[in-house]
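The values are calculated or read from the model by the stated rules, or taken from the named source; none is laboratory data. The model shown is predicted, which means the values in this text are computed figures rather than measured ones. Here the Cβ positions follow ideal geometry from the backbone for every residue, glycine too, while neighbour counts run over all protein chains shown. Accessible surface is based on the protein model in full, side chains and every heavy atom, while ligands, DNA and RNA are left aside. Shrake-Rupley method; radii C 1.70, N 1.55, O 1.52, S 1.80 Å.
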Amino acid sequence: MEMINATGRRKASVARVYLKKGEGKIEVNGKDYRDYFPQVHVQIAVTAPLQTVEMANLYDVTVNVVGGGFKGQAEAVRMGISRALVQLNEDFRKPLKERKFLTRDARAVERKKYGKPKARKSFQFSKR
């Protein structure tokens, strides 16, 4: 089996995921995922697709992720791993789709408008 690659996106983050046979190592930008994502709840999000389909110790995952913050990057990695697993075995689609790991979350930060301090906030209005 050769390497399978997939892309995951969330907010401003883009993750390129490479899946190959191995002993279950997850490497993000050259570091172990526990070092790259020190928060436990984010580590759980990264490994969730592998836990869902019970493939945690069968494949090595290598990830290159750029842009955004740690949460957006983690969710981009989660989506990329899910897409790679579906390429590996089409039967994984149903459990991953039920947990919404294959759905692209399109929410992003709204741009700032001119004449306003933030995207929607206005300055105090005074009639007189």
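A few points about this structure:
- Unique match (being within 11 Å of the chain's Cα centre (by Cα), over 15 Å from I4 (Cα atoms) and among the small types (G, A, S)) among A119, A45, A106, A56: A45
- Checking the range 70-90 against the condition returns a match, with at least one residue being in contact with a Lys or Arg (Cβ under 6 Å, 6 or more places away or on another chain) and more than 22 Å from M3 (Cβ to Cβ).
- Matching residues, the range 63-77, being of a type outside the set (A, V, I, L, M, F, W, C) and closer than 17 Å to A106 by Cα: G67, G68, G69, K71, G72, Q73, E75
- For A76, the stated conditions hold: it is closer than 24 Å to Q39 by Cα and in contact with a Ser or Thr (Cβ under 6 Å, 6 or more places away or on another chain).
- Matching strands (runs of 3 or more DSSP E) fully within the range 13-99 where at least 2 residues are surrounded by 14 or more Cβ atoms within 10 Å (Cβ to Cβ) and among the small types (G, A, S): 13-21
- Considering residues of the range 100-128 that are open to solvent by less than 70 Å² (accessible area, probe 1.4 Å) and of a type outside the set (A, V, I, L, M, F, W, C) only, the residue nearest to R10 (Cα to Cα): D105
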